[in-house]
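What follows draws every value from the coordinates through simple rules; no lab data is involved. Everything quoted here is computed from the prediction, not taken from an experiment. Backbone-built Cβ (ideal geometry, glycine too); neighbour counts: all protein chains shown.
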Amino acid sequence: MPPVTGVYSTKKKSLHKDRVRAVFVFTANPLRSFADTTAYENAFRQLDLLVVSEIVMSETAALAHYVLPSKTTYESWDANPGGGISKVYVRIRQPVLKVEGEQKEGYEMFTLLADATGLMPEIPGSLYQAAESGNICEYRDTLMDYVQKNPENSSVLQFIITKTLGKAVGSAHLVTHFATFMQRFPERQEAAVRAGFAAGSGEEHRVNSHKERGNCKKRTVIFQV
């Protein structure tokens, strides 16, 4: 499904055979925040399927066929890339509250949906074993070997990482930037040194950076990659 992001047609005359029939709303409440909310409400009522991931029963969630309970900012790990004129950063935010219920992180929901809809390939047991080993080097090498042998699965690599390493560390969000640390660009190594990581080879930077992420249980880490 392509992202809608405010360009979804709300006109009744758009009910042609190729119209949008299903919408997944994530981290948004269109019936509260989009322009002409009445038009959106009418359009959403015409959908064959409306799924909303929310932390509360919002106006949009009240219209949904299915509501998926999402973890709040305080209950989940998160990694946000920076940008603009300030170089490239990845900001890590750790949870401060325990979950009471069945809420899930967004990436975990996406991975479960991908798995249920048949988008996920069969994952070898070696990847699960490498993830459970706690050895990031071993996991990285096993993952790269898998991708080289199965290049057609590169498009769902993040789902694979989430289902294996995410499961092992207990967070889908915590491993969202794992692939970033597999890069060997010299400028990224230099940036890592400026950010406080020990100097070394590209291999060491990738491993140490990811270990540092895994160890930040009581503090927020902001670092360059």
* With a ≥ b ≥ c the root eigenvalues of the C-alpha gyration tensor of the range 12-69, is it rounded (a/c under 1.5), prolate (a/b larger than b/c) or oblate? -> oblate
* Asked: Net charge near residue 58, counting Lys/Arg +1 and Asp/Glu -1 over other residues with Cβ under 13 Å of its Cβ?
  -> -2
* Around residue 132, with a cut-off of 14 angstrom between Cβ atoms, what is the net charge of the other residues, counting Lys and Arg +1 and Asp and Glu -1? -> +1
* Amide H neighbours of residue 70 under 5 Å, counting only residues 5+ apart in sequence or on other chains, H built in-plane at 1.01 Å? -> 54, 55, 104
* To do: Report the label-to-label distance for residue 22 and residue 138 in nanometres (one decimal), using points 7 Å from each Cα along the Cα→Cβ vector.
  => 3.9 nm
* To do: Name the shape class, rounded, prolate or oblate, that the alpha-carbon gyration tensor gives for the range 17-147, where a ≥ b ≥ c are the square roots of its eigenvalues, rounded holds for a/c under 1.5, and otherwise prolate holds if a/b is larger than b/c and oblate otherwise.
  => prolate
* To do: Tell me the label-point distance for the pair residue 113, residue 129, using the 7 Å Cα-to-Cβ offset, in nm and rounded to one decimal.
  => 3.4 nm
* To do: Please find the FRET efficiency linking residue 99 to residue 62, where r is the Cβ-Cβ separation and R0 is fixed at 25 Å, and quote it to the nearest 0.05.
  => 0.60
* Structure fact -> Here the range 141-149 yields Karplus 3J(HN,Hα) values (6.51, -1.76, 1.60; θ = phi - 60°; whole Hz; Gly and Pro given as x) of 5, 5, 5, 5, 4, 5, 5, 5, 7
* Using per-residue counts of other Cβ atoms within 10 Å, averaged over each peptide, order 160-170, 118-128 from highest down. => 160-170, 118-128
* **the range 112-126 - phi-based ³J(HN,Hα) in whole Hz, Karplus 6.51/-1.76/1.60, Gly and Pro as x** => 5, 5, 4, 5, 5, 9, x, 7, 8, x, 6, 9, x, x, 4
* Structure fact -> Which of 17/163; 71/167; 71/163; 104/149 exceed 24 Å between C-alpha atoms? The answer is 17/163; 104/149
* **Extension gain (nm, one decimal) between residue 39 and residue 154, 0.36 nm per residue minus Cα-Cα** => 37.5 nm
